[in-house]
Amino acid sequence: MMRVTQLWRQLMDAELAHHGLSQAKWRTLAILAMRPDGMIQSELADELGVEGPSLVAMLDRLSKDEWVERILSETDRRCKIIRLTPRAWPLIEEIRVSSEKIFQRTIAKVDVAPLSVIEAFFIDLRERLYNDLPEKKRHHRGERRATCGLPTSRDWSE
């Protein structure tokens, strides 16, 4: 699974090269697109699998390029909510289209089972992996989102 993920990212890098986006940038933007209401900085770091300080530098660059904005929470001023700017949404559509092209060239041509079965497998696997996380990791996310005034539904990994 890890090698498949690496290859997918390499294909996406090639597909998005004309935008000058690094993998770190397009992945950050794609994850933020799944949460239009925004994400807490620590939550975004968790999703990307990076430490907070590494994310700060990335967000500085994305903010400078006007792809993301940092907003202080109205309910807890300690929370920095990160969300896409209106300028970023057309780029998100291009990222989606690029992903769909790769999907059509690769995954859609795999003839081992109906795609719905494979999708159901990965959804079930995602849930099992999430439920196997230590308690601290599973529930802190929802609590942090609630504290910062963000919706707490668990659609984080769509």
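No lab work stands behind these numbers, since they all come straight from the coordinates. Note that the structure is predicted; figures quoted are calculated from it, not measured. When we count neighbours, we look across all protein chains shown, and the Cβ atoms used for this are built from the backbone with ideal geometry, even at glycine.
Details
- The length gained by stretching the chain between Ala113 and Glu143 to full extension, at 0.36 nm per residue less their Cα-Cα distance, is 6.9 nm.
- Efficiency of FRET between Leu11 and Asp124 - r from beta-carbon atoms, R0 25 angstrom, step 0.05: 0.50
- Taking a point 7 Å out from the Cα of Ile102 in the direction of its Cβ, the residues of the range 21-57 whose backbone N falls within less than 17 Å of it are 21-34, 48-49.
- Per-residue extension of 0.36 nm, minus the Cα-Cα distance of Asn131 and Gln23, leaves a gain of 36.1 nm for this segment.
- Comparing Leu48, Leu91, Leu125 in a Gaussian network model of the chain (Cα springs below 10 Å), the most mobile by mean-square fluctuation is Leu125.
- Gyration tensor verdict on the chain (Cα atoms; rounded if a/c is under 1.5, prolate if a/b is larger than b/c, oblate otherwise): oblate
- Net dipole in debye of the range 8-158 [+1 Lys, Arg Cβ; -1 Asp, Glu Cβ; about Cα centre; nearest 20]: 300
- Taking 16 Å as the cut-off, the amide N atoms of the range 10-39 that come nearer than this to a point 7 Å along the Cα-to-beta-carbon line of Trp89 belong to 30, 32-38.
- Kyte-Doolittle at least -0.5, axis length at least 20 Å by Cα - qualifying DSSP helices, the chain: 2-16, 88-105, 115-132
- Highest GNM mean-square fluctuation among Val50, Val112, Val97, for the chain modelled with Cα contacts below 10 Å: Val112.
- Pairs of lysines in the range 2-147 whose Cα atoms sit within less than 19 Å of one another amount to 4, provided the residues are eight or more positions apart or on different chains.
- For the range 2-147, the relative contact order works out to 22 percent when only alpha carbon pairs closer than 8 Å and six or more residues apart are counted.
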